[in-house]
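The values are calculated or read from the model by the stated rules, or taken from the named source; none is laboratory data. Everything numeric in this text was worked out from a predicted model, so none of it was measured. When we count neighbours, we look across all protein chains shown, and the Cβ atoms used for this are built from the backbone with ideal geometry, even at glycine. Heads up: the accessible areas ignore ligands, DNA and RNA and are worked out on the full protein's heavy atoms, side chains in. Shrake-Rupley method; radii C 1.70, N 1.55, O 1.52, S 1.80 Å.
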Amino acid sequence: MAKKARTLKFKAEVNQLLDILVHSLYTNREIFIRELISNASDALDKLRFHLTSGTEIFEKDKPLEISISMDKDKKVLTIADTGIGMTEDEIVANIGTIAHSGSAEFLSKLSGEAKDKDISNIIGKFGVGFYSVFMAAEKVVITTRSYLPEAVPVQWSSDGLGSYELNEVEGNPGRGTRIDIHLRENSQEFLEKVRLENAVKTHSNFIAFPIKIEDEQINKIRPIWKEPKSSISQEQYDEFYKFLSHDFEAPMDTIHVNIDAPVQFYSLLFFPKKTFDFLGLNREDLGLDLYVRSILIQHKNADLLPEFLGFVKGMVDSPDIPLNISRETLQENQIVQKISKNLVKQILGHLEKKAKDDAPAYLAFWKEHGKFFKMAYNDYTSRDKTIELMRFNSSANEDSNGLTSFAEYAERMAKGQKQVYYISGASRSAVQSDPLVEIFRRKGLEVFYLYDPIDEFVMTGFGKYQDFELVSVEQADLSKIEELPDSVEEQPLAEPLSESDEAVFIKLIEKIKEILDDRVTEVRTSRRLKESASCLVNPDNYMTSHMQKILHTMNKDHSVPKKIFEINKDHQLTRNLLRIYKADPADAFIHSVVEQLFESALLLEGYLNDPHLLVNRIQDVLLQSSNWHPANK
């Protein structure tokens, strides 16, 4: 004969918890489905252990599964499992109290989070995942039968308002646990099959046991990350990647990680063939899906990989991470940190091998994901490895499609060269025509060509490669470069100026400074120019012109920075100006040419705000030169 029903009161901390949940305005109520399925999966896992250990089990041939059904007329959602079940003492211990120590801390934290309607990441953290059901339920009835042969079925019921009722159940409800959830009016959505399917696929798709909704199995994709690599085909990896990423193409690369110590975890990592973040704006879509025992606890966790590996798609599953760990705790969790460190090691090792064994494939990787990877310049934990994986176009490459590593650059360095040189510009043709690279071309010194805004941050961030400084051509020590022999055929030198012409040239320099006035900091004779008549040089040795331009753009600063104006004393145009100046220091042509040279230099650097005067002067020159054409004489 069944015992008389008993009414018991919840412990004080449970009452406090239930009050928070029942009155919470929390919007993501579907989390209770994840929690109940997680509990059901644990119950099935425990039963499977007993099945393999030879323990006598009630209904031992019953299939291990989780079933979900809905009764729309009664407004009841039922989640049942055929797991280990509970006795009366166990249900009081598991449901009637918060088992985890530190419950006061949890309740304080939960109370604060509930105000912000964001408690999904700490529900269950202190062993109270079951209680999340009261966010959607006005009443809950649990019917459970332990796996022990002589156990008596028990029913537990509560409205979450301070007490619960216990009574024995006559007959045989079957081994396992059934939870009947009488839904609130604002939770009727969970009576719809599509809504339930979405919740299961989002949070519990890789549970090891079948999850059935009205006898249809929902979790059909198996967690292949737990299987031996040798048993999985590339087609299966590709299928899983497409499911995970919603990409239509197969991945570029696949990395399968299975680590047992010191932390146990599984991971599947994929490099997409095409970047998902064309404009660098889709930061919320970065990160790996984080599972604990096949249960999704966080979608797109951005803490598992550093930002420079943000292009990687995939997932991590570890039984060692606490279930429902909060975002705040996750960042500080030592297990997560160890997993992250190992994942970075795995990815960088894969890229090192790819770069060494298959240069064309690495080239394809870099062209697609290099912009992401360049952000490794501010990651100090693995810079010795990441700098070896960097690639840039170089003067040694045949065209703009070529890429050069720092190691390759170092192998080609001139004898005695102590610096690695670079220049920034919009394109290869733009940097090749920049007057600042003339001396490097003449001396046969290789120069990295940087086209992306981030590239200079990379160079300044790393600062050095091995013992070689990374230096902009603008800031290079010209005295050391001048000591090197020319590697190209020397052009005929201009006649040296006579002593008197040298004195006149100094006055011409002063005249140019007078014309440009405070638009430049200085006018001086250039040591770097041979082919061009003039150029602008940044006087700030700590910042390149390109970096200065970036900062001006970021700060919406439209002013023109004052720079040093360098004049090539041996250029034919300069010699012509010198003769004109000797004839008439006030000749208007001198003023026109100086303005034209200065504005042309500004145009090359992107600082010419008004090109009208420059264009008009060019048209005047064209008109005059056309009058000199033999056909017009």
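Miscellaneous remarks
- The dipole here belongs to the stretch 486-605: it is taken about the Cα centre, uses +1 on the Cβ of Lys and Arg and -1 on the Cβ of Asp and Glu, and is about 320 debye.
- Cβ-based charge dipole, the chain, positive-most Cα from 503, 413, 78: 78
- Span-rule helices in the chain, defined as complete DSSP H runs reaching 30 Å or more along the axis (Cα) with Kyte mean at least -0.5: 31-52
- Selection among 564, 588, 551 by position relative to the dipole of the stretch 545-633 gives 564 as farthest towards the positive end (Cβ unit charges, Cα centre).
- Solvent-accessible area, 1.4 Å probe, carbon plus sulfur percent, for the stretch 201-277: 50
- Each other residue within a Cβ distance under 15 Å of residue 588 adds +1 if Lys or Arg and -1 if Asp or Glu, for a net charge of -3.
- Legend: calculated FRET efficiency, residue 385 to residue 519, from the Cβ-Cβ distance at R0 = 41 Å, rounded to 0.05, equals 0.35.
- A protection proxy built from the mean count of other Cβ atoms within 10 Å ranks the segments 506-513, 54-61, most packed first, as 506-513, 54-61.
- Point-charge dipole on Cβ atoms (K/R +1, D/E -1) for the chain, about Cα centre, debye to 20: 660
- Solvent exposure, largest accessible area first (probe 1.4 Å, DNA, RNA and ligands not counted), of 294, 67: 67, 294
- FRET efficiency for residue 412 and residue 572, using Cβ-Cβ distance with R0 set to 25 Å, rounded to 0.05: 0.15
- Prolate/oblate/rounded call for the stretch 32-101, Cα gyration tensor, a/c under 1.5 rounded: oblate
- Sparse packing (at most 15 other Cβ atoms within 10 Å of the Cβ) combined with a DSSP loop state is found for the following chymotrypsin sites (Phe, Trp or Tyr not before Pro) in the stretch 543-633: 628.
- Gain on full stretching of the segment that runs from residue 627 to residue 9 - 0.36 nm per residue minus C-alpha separation: 211.8 nm
- Restricting the stretch 522-604 to trypsin sites (Lys or Arg not before Pro) that sit in a DSSP loop and have at most 16 other Cβ atoms within 10 Å of their own Cβ leaves 527, 556, 562.
- Close amide-amide hydrogen proximity is noted between residue 520 and no other residue 5 or more places distant or on a separate chain, at a cut-off under 5 Å (H modeled in the peptide plane; Pro and chain starts excluded).
- Label-point gap, in nm, between residue 579 and residue 464 - each point 7 angstrom along Cα→Cβ: 5.3
- Within the accessible surface of the stretch 353-398, defined with a 1.4 Å probe on protein heavy atoms only, the carbon and sulfur portion equals 50 percent.
- Per residue solvent-accessible surface (Å²) - the chain, probe of 1.4 Å: 50
- Helical mean residue ellipticity (222 nm; -39500 (n - 2.57) per DSSP H run of 4+; nearest 500) of the chain: -11500 deg cm²/dmol
- In this rough spin-label picture, where each label sits 7 Å from Cα along the Cβ direction, the residue 527-residue 358 distance is 4.9 nm.
- Three-way shape label, the chain, alpha-carbon gyration tensor, a/c 1.5: prolate
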